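One structure is given below, encoded as structure tokens.
Computed from the coordinates by the stated procedures, all read-outs in this text should not be read as laboratory data. Note that the structure is a prediction, hence the values are computed from the model and not measured. Here the Cβ positions follow ideal geometry from the backbone for every residue, glycine too, while neighbour counts run over all protein chains shown.
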Amino acid sequence: MSTTPELDIQRLNILIKLAIEEDVLEVGDTTSLSVIPNDVEATATFKAKDNCVIAGLKVAEQVFNFVDSKIKFKALVNDGDFVEYGTIIAEMKGNAQSLLTGERTALNFIQRLSGVATASKKYADATGDSKTVILDTRKTTPGWRNLEKYAVAVGGSVNHRIGLYDRVMIKDNHRALAGLEGEGGITRSVERARTMFPNLEVEVEADTLEEVAEALKTKADYILLDNMTNEQMSEAVAMSNGTSKLEASGGITIERIPSIAKIGVDFISVGALTHSVISSDISMEIK
């Protein structure tokens, strides 16, 4: 699988700049500027209002640093830590106007990322003691892929390909549009992919067991079992016998994870890790 991404600070700073600008434009935080004297110093804390896995502390720190480089940010837990309701996860000290200006943007980032990390842990835990690994997908918020895949990783699941560039993944649409659908289409597609990108792993989507059989003959690195029943996946595992890594995908719910993991597939990919999560409830309190 793809290497767990480090936070891309350059991309992150672009996102933070856009987020702050849409909040204050060129005017500023009118409420804080008009109500709070500009020399007031304060201490604020982030408090978990959910049981959740924390992700995005560095992101929140970068937000406050963008607003006011003099704000001191101290993380009291680590990304990847599971915390219970009421846990103080970070402390910020600095200009009161600046703290309030950065509050919502910082919370938007850390709440969303902690929600992803929490979902990641739930799905990973659902595999029990099996060797099956939960993967994310490319179904991420535009511009947030690096952040959301980072949160998936700290939550305990694993990153699938990061983008279209780091793995060849041949789906039915590719074969159809290339005139390669039909008998031998998978074989020809894999041959072309390996000729053009010999250093990349190749994955083939299979909708039927017949397509699994053809993909196995090509020795594809991975075969995606698309919307198959548990019975079909069990047969695919027997057919493969370790020749290719098998990935279950489509129609995956957390309730199905334990039964699919027992089948013996190598991976289960879950779009819900990033496209359907509920943000964790975290608040900022001023002392």
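For the range 171-264, the convex hull drawn through the C-alpha positions has a volume of 94 cubic angstrom per residue.
Counting neighbouring beta carbons within 10 Å and listing from fewest to most, the residues HIS275, HIS174, HIS160 come out as HIS275, HIS174, HIS160. When Lys and Arg each count +1 and Asp and Glu each count -1, what net charge do the other residues less than 15 Å away from SER114, Cβ to Cβ, add up to? The answer is 0. The aspartates and glutamates within cross-link reach of LYS287, meaning a Cα-to-Cα straight distance under 15 Å and a gap of 8 or more places when in the same chain, are GLU41, GLU91, GLU103.
When the pairs LYS58/LYS121; LYS70/LYS149; LYS121/LYS219 are compared against a 26 Å limit on Cα-Cα distance, LYS70/LYS149; LYS121/LYS219 fall above it. Pairs spanning more than 32 Å between alpha-carbon atoms, out of LYS17/LYS131; LYS72/LYS139; LYS47/LYS139; LYS139/LYS217: LYS17/LYS131; LYS72/LYS139.
Exposed loop positions in the chain were taken to be GluC sites (Glu not before Pro) whose DSSP state is not H, G, I, E or B and which have at most 11 other beta-carbon atoms within 10 angstrom. Between these positions, the longest stretch is 85-182. For the pair ILE14 and GLU210 in one chain, pulling the backbone fully straight at 0.36 nm per residue adds 65.9 nm over the alpha carbon distance. Each Cα pair of the chain feeds into the Kirkwood radius, which the Stokes-Einstein equation turns, at 10 °C and 1.306 mPa s, into a diffusion coefficient of 76 µm²/s. Computed over the range 158-269, relative contact order equals 20 percent, with contacts defined as Cα pairs under 8 Å that lie 6+ residues apart.
Within the range 25-132, the ratio Rg/Rh, alpha carbon atoms throughout and Rh by Kirkwood, equals 1.09.
Working from Cα pairs under 8 Å separated by at least six residues, relative contact order for the chain is 23 percent.
In degrees from 0 to 90, rounded to the nearest 10, what is the angle of the helix 57-67 Cα long axis to the longest principal axis of the chain? The two axes meet at around 50 degrees. Can you check what the Kirkwood hydrodynamic radius comes to for the range 88-173, Cα pairs only, in Å to one decimal? The answer is 15.2 Å. Against the chain, whose longest principal axis comes from its Cα atoms, helix 230-240 is set at around 70 degrees.
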